[in-house]
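Written below as structure tokens is the structure these notes are about.
Where a number appears in this text, it was derived from the coordinates with a stated rule and is not lab data. Owing to the predicted nature of the structure, the values given are computational and were not obtained by experimental measurement. Reconstructed Cβ throughout: ideal geometry from the backbone, glycine too, with neighbour counts over all protein chains shown.
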Amino acid sequence: MSVPQEHQSSTVDPPPPPPFDPTQPSIPISYPIKTLEDLGSRAYFKSFHYPFNICSVPLENSVLDNRPRVLVCHDMQGGYVDDKWIQGGSNPDAYAIWHWYLIDVFVYFSHNLVTLPPPCWTNTAHRHGVKVLGTFITEWDEGKAICNKLLSTKESAHMYAELLSELAVALGFDGWLLNMEVELKLGQIPNLKEFISHLTQTMHSSLPGSLVIWYDSVTIDGNLSWQNQLNDQNKPFFDICDGIFVNYSWQEDYPRSSAAVAGDRKFDVYMGIDVFGRNTYGGGQWTTNVALDVLKKDDVSAAIFAPGWVYETKQPPDFQTAQNHWWSLVEKSWGAVKFYPNTLPFYSNFDQGHGYHISVEGGQVSDAPWNNISSQGFQPFLKFTGNPSPGTIEVFVDFKEASYRGGGNITFKGTLEENTDFTTIIFQGELLMDAVPLHITHSVKSEGDSLLGLSLHFSSTANERTSVLLASWGTNQFSREFSKIIAPCQVNNPRTAPGWAVLESSIEMNGYTLTEIHALCYRPKHEHSQLGLEHRTDGSEDTLTYSPKEYHAVLGHITMNTSKENTYFPPTSSWLVEGHYIKWSSGSQGSKTVSVKIDWKSKDGTDSQFPKYNIYVEKLPKQAVRYHGVGLGGVQEYLGVANVEAFYVSELPIPATTSSLKFIIQVCGVDGVCQNMDDSPYFQLDVKATTVGGRKMFQLFRYVERNNLINPWAHSTNGQQLLGCKSHGKLGIRHFEWFDSLMCERSNSVTRGLLQSTSRMEIRELLRLPSRDTKIWVFMILSMVFVILLFTLSMGNGERKLLYFPKDQ
């Protein structure tokens, strides 16, 4: 992403932007709470940004495994960098973690008083079965002052504990890391224990399975003295919460002694490792695994601090390679701790939450660089191989290659001889099968005879192993390698972009557990091998040799479910879609910008079960008349993705030729399938009166699909018939109650008054228009007057007829 160069100038610097006001509409962000006063006032819940910060992915299993665990503490450039943009940023190289199968608990850390995890981290961590904690920290003199107030009484300690619990439950994360890095008075320790204990109990009662973890800092005597182990100086705090994060300057025998002190809670002891290597055992950095090996041997848990070291220090050759390399050391030392698929439905598009494009059903909807960790799919268990040797297949998640859904895929590239194959694991699961068939759908894009299949590996309760190959054709060479070979059926979907094949298979393996999913690259044997003339430099004769072809295939997605049925999407009419905080700004040559918050919900009040929504806009051009069956048309422009039922559009450019904006909310299911755009809910916003050549142009009425008269400026009535009102206690057409029935008795005077009012306003503008435009507008208004008079007369004669406008012949 290019960065504009600063221009040398003697002009005065522009004034700084106004201070951040969280109550005012703006692009949604995540931010911390910096003062005890803001925490106590519950000001966060009054923020415009609060509803956007709610996690949308629940944690399926809240129980920690009874084994040594891995906690990862995020400490990356102070926090709230690219990840603060809830609706996504524009940095395709933004920091992310994607080795979730190696993590049990994730802590979002910053040096602010109350660090609230951005929802993107909570969403993707929960998707992978990982708990997420926020951080409460007090430091330096300011921290002492905070503790004086926090711990002044037992009641104050309880109050602030309850406020922290309320925040975690409301935002959907799973608990807190407590870091009190200040000297305390001995008399404050009882209330400190009350704070820890009450927070732990309140969290457990409000959110079963939640965690409160104490950081090894202040001791039971109030001294700021890092013990680097669990001992009698910090165990009283450990005893009243869910675990301790031990400082990282421990010696080799400290893990063993800490485990002895913890007794049957030894897995709740998380021994710290600083990846930057600051006075940490083993040196951190590329030798972090040295400390991990010791902790694994001594049967305690690990707390890896600041794995963003790889990103911050720009480890060579590039972040993607260095990140995979560093986490491969963790995997080699500790092994995987999470396995998926383990429940159904299971879906992955291999998206890492950043890239250079967005695709839907293989068609590219955006070519803008982006980042949004919430968009991460289940991450594959790809093995790090370093520099692949010539003649092999390289396997990697690609962000620039065409994707089927989202912005990523798994690409297989290299050379492969005919009648040979290459296999690699992509998922390691624990999915127990029953009598219901398992339906698998996957998408493939390949070149020439580069074929790509999937192999599923199962084990039984008796530890019997069997494997099944899903491959379309050319599988004779595998007849002895697999227990069963299934040829998938190609799904004919008109929405699928050319070049992609969507394949569907079914299998029944009752009583077995799906343990692994592999990708199988192969090239079938041909009658005529590709031969080439090899020139010999040793003086012997040139010979004909076989030349292996280039292999290139892409895996776009995998979906597993127990049903072949497509996801049910509620019809447009079942959604209530509204626009709020609408703000218009004028641009050059009649253009405009608009900012608006769009939110939607089911009319029956049920909670949505959909994980995300793609947001588009159509900028409909101006046209005086629109008849039934004749659409105005418009390009559907991708704006972004929402993970909650709201999206904020900021300063959207609107050309002067635009009369209306149609914001489309494309609903997406847990299986990755998205609703047809024509059936998706939408919000239509008419563009306010524009200025052309210094003259305001007003539309009195316009036609819609059903040939019914509607007002163009009342957004809440868009698309409904102007047929009447039950009362008009408030002035203004936007307050009418619209319905599809005959007009009520008072509609004659209301409609006639509306026309008279707008006509007076219009006449003043017509006097300033050129003669030709004047004639057109006069004709339009007189035509409207004539129609209204006819309608009034018909109603006066007792005939109740709908207002009808015939089409032009």
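For Glu417 and Ser574, the difference between the fully extended length at 0.36 nm per residue and the C-alpha to C-alpha distance is 51.0 nm. The fewest-to-most ranking of Ile240, Ile598 by surrounding Cβ atoms within 10 Å reads Ile240, Ile598. If you plug the beta carbon distance of Ala462 and Ser389 into 1/(1 + (r/R0)^6) with R0 = 51 Å, you get a FRET efficiency near 0.85. Panel order for Asp351, Asp253, Asp242, by other beta carbons found within 10 Å of each beta carbon, from fewest to most: Asp253, Asp242, Asp351. Model label sites at Asn91 and Gln609, defined 7 Å from Cα along the beta-carbon direction, differ in position by 3.8 nm.
Listing Leu71, Leu789, Leu661 from fewest to most neighbouring C-beta atoms within 10 Å gives Leu789, Leu661, Leu71. Which of the three applies to the range 567-688, rounded, prolate or oblate, going by the alpha-carbon gyration tensor with a ≥ b ≥ c and a/c under 1.5 meaning rounded? Prolate is the answer for the range 567-688, as a/c is 1.5 or above and a/b outweighs b/c.
What would the Debye equation give as log₁₀ I(q)/I(0) for the range 346-561 at q = 0.12, 0.15 Å⁻¹, counting only Cα atoms as equal point scatterers? Cα-only, vacuum Debye calculation for the range 346-561: -0.69, -1.02. At 20 °C and 1.002 mPa s, what whole-number value in µm²/s does Stokes-Einstein give for the translational diffusion of the range 93-155, with Rh from the Kirkwood sum over Cα pairs? This corresponds to a translational diffusion coefficient of 156 µm²/s.
Near Tyr311, once Lys and Arg are set to +1 and Asp and Glu to -1 for all other residues with Cβ below 11 Å from its Cβ, the sum equals -3. Each Lys or Arg adds one and each Asp or Glu takes one away; over the other residues whose Cβ falls under 13 Å from the Cβ of Ser359, this sums to -1. With the biggest extent put first, the Cα atoms of the range 162-231 measure 34, 24, 17 Å across the principal axes.
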